[in-house]
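Have a look at the structure below, then the notes.
The values are calculated or read from the model by the stated rules, or taken from the named source; none is laboratory data. Just so it is clear, the structure is predicted and the values come from calculations on it, not from any experiment. Here the Cβ is made from the backbone with ideal geometry for all residues, glycine too, and neighbour counts use every protein chain on show. All accessible areas refer to the heavy atoms of the entire protein, side chains included, with ligands and DNA or RNA removed. Shrake-Rupley method; radii C 1.70, N 1.55, O 1.52, S 1.80 Å.
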Amino acid sequence: MRFLKKLTVSVLCFGSILSFAQESDLGAWYMYFGNNKISKKLNFHNEIQYRNFDGIGDLEQLLIRTGIGYDLTENNNNVLLGYGFILSQPYVKGEKSENIEHRIFQQFITKQKFGRFNLQHRYRLEERFLQDDFRMRFRYLLGLNIPINNKEMLPKTLYVSMYNEIFLNLDSPVFDRNRVYGALGFIINKNMRIEAGYMNQLQENKNRGQIQIGFYNNIPFTKN
């Protein structure tokens, strides 16, 4: 617990400092996240992210991620093994190129609640199979949801969502990137919610803003 508190404070301070650096331009990410129960303990994670250099039409990256998770305790402390397919189309000297990455990842998510404050810690290790390279990366995300018009995260609730995520390579250079995010969300029902917000991403000397729209689906595959 003491380790979590120290790591939380460090990441928040680091993210706040980084968010003021460098020049920025604006892109847009459209995202779908599914976290569907297969049984009382097992869940199926499914995710699609369509990332654009501008509002729409100029693809920067298509990310598809899936995995199977297991709750160590009731609806909490989830360990997950997953796979990701990433198609990137960066500009190189003014011309678009295409890169494909296959990614295996392991993660652990634990949740905490303090009054209205709903905290989430996500620890993720990635094995990245690039076209001409192999890399490993560690990610830590600290997320926070705060309901506005209700005391709990219930249907028909408007809420504030925030997170900071740091990415660290297991080789040099160690620092890969940092993301700071803020949004407004609305809980449609007990299994669906939407969010719209802004994320700032810093990579070495590059700083870029992203408008983000996300839809979250938790409809279970079983009645149990």
Criterion violated by residue 112 - all others in (1) over 26 Å from residue 185 (Cα atoms); (2) at pLDDT 95 or above; (3) over 15 Å from the mean Cα position of the chain (by Cα) satisfied: (1)
Residues satisfying the stated conditions in the range 184-201, i.e. assigned to a strand (DSSP E or B) and open to solvent by 30 Å² or more (accessible area, probe 1.4 Å): 184, 186, 188, 189, 192, 193, 194, 196, 198
Listing of strands (runs of 3 or more DSSP E) fully contained in the range 66-132 that carry 2 or more residues being β-branched (Val, Ile, Thr) and farther than 21 Å from residue 50 by Cβ: 99-114
Counted residues, the range 202-224 - those being part of a loop (DSSP other than H, G, I, E, B) and touching a Lys or Arg at 6+ places or on another chain (Cβ under 7 Å): 4
Residue match in the range 122-136 (condition: open to solvent by less than 70 Å² (accessible area, probe 1.4 Å), touching a residue at least 24 places away in the same chain (Cβ under 8 Å) and touching a helix residue (DSSP H, G or I) at 6+ places or on another chain (Cβ under 9 Å)): no
Which listed residue is without any contact (Cβ under 8 Å) to a residue 12 or more places away in the chain and closer than 25 Å to residue 43 by Cβ, from 106, 112: 112
